[in-house]
Structure formats: structure tokens, C-alpha cells
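Read through the structure below, which is laid out as C-alpha cells, and then see the notes.
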Amino acid sequence: MAGRIREEDIALVRERTAIADVISEHVTLKSAGGGNLKGLCPFHDEKTPSFTVAPGRNVFFCHGCGKGGDALSFLMDVDHLTFVESVERLASRAGIQLRYVEGGPSPVRAQQQGQKQRLVAAHAAAADFYAGQLSTPGARLAREFLAQRGFNRAAAQDFGCGFAPEGWDPLTKHLRQQGFTGQELVAAGLAREARSGSLIDRFRRRLVWPIRELSGDIIGFGARKLFDDDDGPKYLNTPETTLYKKSHVLYGIEHAKREIARQGRAVIVEGYTDVMACHLAGVKTAVATCGTAFGSDHISALRRLLMDTDAFAGEIIFTFDGDAAGQKAALRAFEEDQRFVGRTFIAVSPDNMDPCDLRLAKGDLAVRDLVARREPMVDFALRQILGKFDLDTVDGRVEAMRRAAPLVAKLKDREKRPEYVRKLAGDLGMEIEPVQRAVANAAAPSATATAAANAAAVRADSPQARVEREALKLAIQVPVLAGPMFDAIDEEAYSTVELRSVRAAIAEAGGAVSGTSGVVWIERVRDACGDLTGKALVGELAVEPMLRDGDPDPHYVSVLLARLQWGATDTRIRELKSKVQRINPVTSKDQYLALAGELFSLEQHARALREQAAGGL
């Protein structure tokens, strides 16, 4: 068994890892001012970005769900790795040789990797094996299939196409020779048990495409039938595994992610060859689902890349066949689309051809034109709804209005609703007033819910609470500057249990005087917190900008900490004055004099603090 990784090596990994680079593989980040970056949180569904990254301190925090930490904790949460697996992955990325407390150099690879990394490695080895098989005589039909669809050798190599050879277990034997166990191959979905108990390859005599996640790791395969005597389905995908969740996966996402983020656009197609055709035709934002309908988990993945928020409208273009099945799929996508804020379109080929067939028949320009001629999804959906009713009759017009009104009411862009009300009234041949009422009635429940949510979100912090937070931010973000001045003020100066718990954690971590700026110190404070609320607050304070423009200096620290003590002292003075007023100076003379003396001393101290804090914040 591998020993424990040395603490100094873990600290080195944290210091040498650029957290923005790691997170950018999963989330589109944009400048948020003050050196911070913002994006849509990968851990919960949100419309407005609350996920903040502070590159200067190598930490992140989400103000929406409270998750925060460094690159290690981000990988643990987003990729479901253990702490050791996260350290090992980032160490490899940074070129750091890890040392273990028990046994010197790193253990061998098979011992070093956790289950997930072992399965990823098995997929990578399988992809290499399949790619090599594509040039063999047995793969002639696979090569012909690709060529007939306009894909040359370079395109096949770019998308990692391969061939699963004939025979019961050539891949299984190959991977076992590389050190993978039968149990790992079954867990990866690469092999399955036969009735005899032996293992056989899941994919045989098929053209295969590797399916990757955002990071680029291969997590599964899609396989297309080539031979007439193959009695399996036309397309066969990897089954659900710890790596492969078909409702989350988008084929081609590793090719498209940068262009999706750059262009603010994603094109959704239906198959592997459609993705390849689009990319070769210059539509480099194309992705496809893998054996399942486009759903909410796919939306969540895309929205993070598109930065689809109230402030930024990403563009999503669905391409479907023009037949009845394609129209049904488009309408289903529209229902899911209501979770998008972005503008959503549909592109349907007039000849009912998918992008791959269209490229073959009419060339690359025709594919680009298909996308360019996109139609707003709401227009398409309204036309499909109205087409089901006889608009020459009163009953038909009224029923069509009832069915179409909720669709207009769902539009995220409220400014478009009046225009679509007018359009719907014109299409129906009705006066605008009844259509307006129908849309308003359909929108009423959601409007009420939105108003309630906004009212619940209103909260005002007191000036003293802001000072207390700022003091803790100093100790967490720039402990060298806060130093002994901060440490001299105990947790009683803080007005809430949460803030006091963070102050106690800073003391437990050795105090600001022992800290150095950066992620190692921040994680030490977080680890010292005894509860999840405190840990989350440390993460929040680690990325929250200072109230002051520019970097804090010793004068700012002096003024701020004077304000902190002044607020706490004023609170104590008010408490003492109240107590003194309730005491009879004749019957309780000693207690009265003691409290009066303490009050006099505190008032003098408060005056000194006021003078020190006169510089303002």
C-alpha cells in the first residue's frame, strides 16, 4: 500500500497549481474585477454567476451553494476523486515528484491510482488499441463507412475513431497483458461476463468512437454496426458506469469547449458523424448526446461553458431532421430550453438531411448555411402548436390561444413577450386584448414566485459587520500584513457566532503572525474550523474583495483594526451604562464604583480608538 504523502509535497502542489487553469477546464471564467474571476457554479444550477475564483490566492468560493477551497478540493468535488488522487493528478500536471512517508519514492502506478484513474487509464489503452486496429484488413468496412461519409484518415485520427476486431476477447487479452484486472474491465464497461463465466469484449466488429468528458479523459465508447449478420442495435454505447453517465455526456465536447466559450454558441446535433461533419465544415461548436435525449444535465454542462446568465445570453442551436420525429425532438428540447436564459434556435434542413448527409450532398458551405439560417425556437414551437388546430373556427382559435399562451409566458426574455403576444394575436386572427390576458394569466404563478424569492433575498449588513468581515479577510488573505495587531484582538470583538468561529480558527492555525499569503495558509485556517458553516465562511472571505480600492497597506490595517475594537468597545460601553443605571449607588456602592471605573476606562479607550480610526476606510 502507498504511504501518506508528505505534507511539504502537498503544500508544494497547492502553491504550484494555477487554480484558474484547472477550473477553466470545467467552467468559463470571466473577469469580476479586483483580480477575481467569476463563472457559473459547477456544483449547483444557477442563472447568475456566483462562483468566484481568486487566482492570486489560488482559492475558489461559490456564494450560492457555499462550496469553496483550493484546486485539490475542486477536483475532489467535480471529478469525485479522493484527496490522494487529487494530489497525484495535480502533482503530475505540475511535474512534481511526490514522496511518501512510508517508503521514499512514489509507489508503482497500479498502487498509486484510485479506481477512477485506473478506469480512465483502461479506456485510454482501449482507445489506442481500437485506433491501431482501424488499419488492419478486418477493418475494411469501417474504413469504407468513414470514407463514404466524407471522412479521411486525418479526420478519423483527430476524432480517435477505431475498430473493435472480430473475436470474443482480443481487447480483454490486450488490456490484461497491460496489468488491468478482469474486475476493472467489467467496471469500465469494456468487457462483460459470458454465461461460461469468462470475459468477452463488449464491442466486437464495430466502428468505435471514444467519448470524452470536459477534461479530455476518455470515459466510454460509442460503436456502430457494420456487418449485416450483427444482430445487435445499430449503435451500442458504454453502459452506465462510475465514469460514464449518458445523461451528462456530450460527444465532441472536448473539441468544442473552447469555441463554445469563445463564440457564446453551441450547436446540438444528433450523432457522432454529424459532430465530425460540422467540425470539418467549420461549425466547431457542435456536440451530440450519446444514446439519450437532450436533457437537464446536458443543459447544466452547456450553461457553464456558455456563461448563460441574465447578463450574458448564450446561443443554443438545435439541428433536427425535418420529419415528425425530428419535430417532436425539437419541441421536447424547447421544453428543456426554458431552463436556459440564452437565445435558442432550431435549424432544420429543408431536405430532411442531417449535417453529415448535407455535407456529402452539398458541401461544407451548406452545413454552415444550415446553422446561419436558424429560426428562433419559440417561432418554430408556436407554428407547431397552431398547426394542430383549425384556425378558421372560433373553438379552434380559442383552444390554440390557450395552448400557445403558456409558451409565450415562459419566455425568459421578458422584453420579447409583448412582441410575441402581438405575433400570436396576428397568427390567430384575434384581437390583442384576450391574448394579452391569456399570457398574463399563464405567467402569474411564476411572477409571484419570483417576487417572493427576491423579497427573501433582501438583506442589509451593518457597518460594524462589514468591518468585522474586513478584519477577518485581512488575516486570511494577507496574514503577514495583519500580523500581531490582528492577533491582539480576541474573538469577543466579533458580533456573530460565525465570525467568532473563524477568528478562533485563525488562532487555532497559529494566528495571523504565523501565516503566509496563499492557499496553504487559507487551507490551514479552513481545516481548523470545527463546523461546515465556518469552513464555508473561510472560503467566502478568501475570495471576497477588500472594501478598499487597491492593495491594503499598514495604515489601512491600523485604521481597520481600530474600527473593529471601537465597535466592540462601544457595544461594551452601552452594556455597562445600562447596568450602571440599574444599580442603586447607595445599597450597592462597591459594585457601582467598580462598574463606573470600568466604564470610565473604556470611554477613554474608545476616544483613543476613534482618533486612530479617523483616517477612515
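The values are calculated or read from the model by the stated rules, or taken from the named source; none is laboratory data. Every value quoted in this text rests on a predicted model; they were computed, and no experiment measured them. Please note: Cβ atoms are built from the backbone with ideal geometry, for glycine as well, and neighbour counts cover all protein chains shown.
Key figures for this structure:
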quantity: Unique match (being closer than 23 Å to R57 by Cα, touching a Leu at 6+ places or on another chain (Cβ under 6 Å) and not small (G, A, S)) among V519, V557, V538, V525; calculated: V557
quantity: Cβ pairs under 6 Å, 6+ apart, first in region 486-506 and within 11 Å of L564 (Cβ to Cβ), second hydrophobic (A, V, I, L, M, F, W, C); calculated: F486/A475; F486/A512; A493/L564; A493/A568
quantity: Residue list for region 207-230, restricted to those being free of Cβ contacts under 8 Å to residues at least 24 places away in the same chain and either assigned to a strand (DSSP E or B) or of a type in the set (V, I, T) (or both); calculated: K225
quantity: Meets criteria (more than 30 Å from Q477 (Cα to Cα) and not aliphatic (A, V, I, L, M)) for Y556; calculated: no
quantity: Residue count for region 35-49, restricted to those that are in contact with a strand residue (DSSP E or B) (Cβ under 9 Å, 6 or more places away or on another chain) and surrounded by fewer than 17 Cβ atoms within 10 Å (Cβ to Cβ); calculated: 3
quantity: Residue pairs meeting the criteria (Cβ under 6 Å; at least 6 apart or on separate chains; first of a type in the set (S, T, N, Q), in region 371-395; second surrounded by 20 or more Cβ atoms within 10 Å (Cβ to Cβ) and part of a helix (DSSP H, G or I)); calculated: none
quantity: P233 being in a strand (DSSP E or B) and either in contact with a strand residue (DSSP E or B) (Cβ under 8 Å, 6 or more places away or on another chain) or free of Cβ contacts under 8 Å to residues at least 40 places away in the same chain (or both); calculated: no
quantity: Test: R368 is surrounded by 15 or more Cβ atoms within 10 Å (Cβ to Cβ), in the same structural domain as I268 (by TED's automatic domain parsing) and at negative phi; calculated: yes
quantity: Answer residue from region 504-527, given it is out of contact with any Lys or Arg (no Cβ under 6 Å at 6 or more places or on another chain) and crowded, with 22+ Cβ neighbours inside 10 Å and is farthest from A475 (Cα to Cα) among those; calculated: E523
quantity: Pairs where the first residue, in region 151-176, is β-branched (V, I, T) and the second is loosely packed, with under 15 Cβ neighbours inside 10 Å, C-beta under 8 Å, 6+ apart; calculated: T172/G182
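So that you can scan it fast, the table gives a plain yes or no per residue for (1) modelled with pLDDT under 90; (2) surrounded by 19 or more Cβ atoms within 10 Å (Cβ to Cβ):
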| site | (1), (2) |
| --- | --- |
| E399 | no, no |
| E415 | yes, no |
| E419 | no, no |
| V435 | no, yes |
| K473 | no, yes |
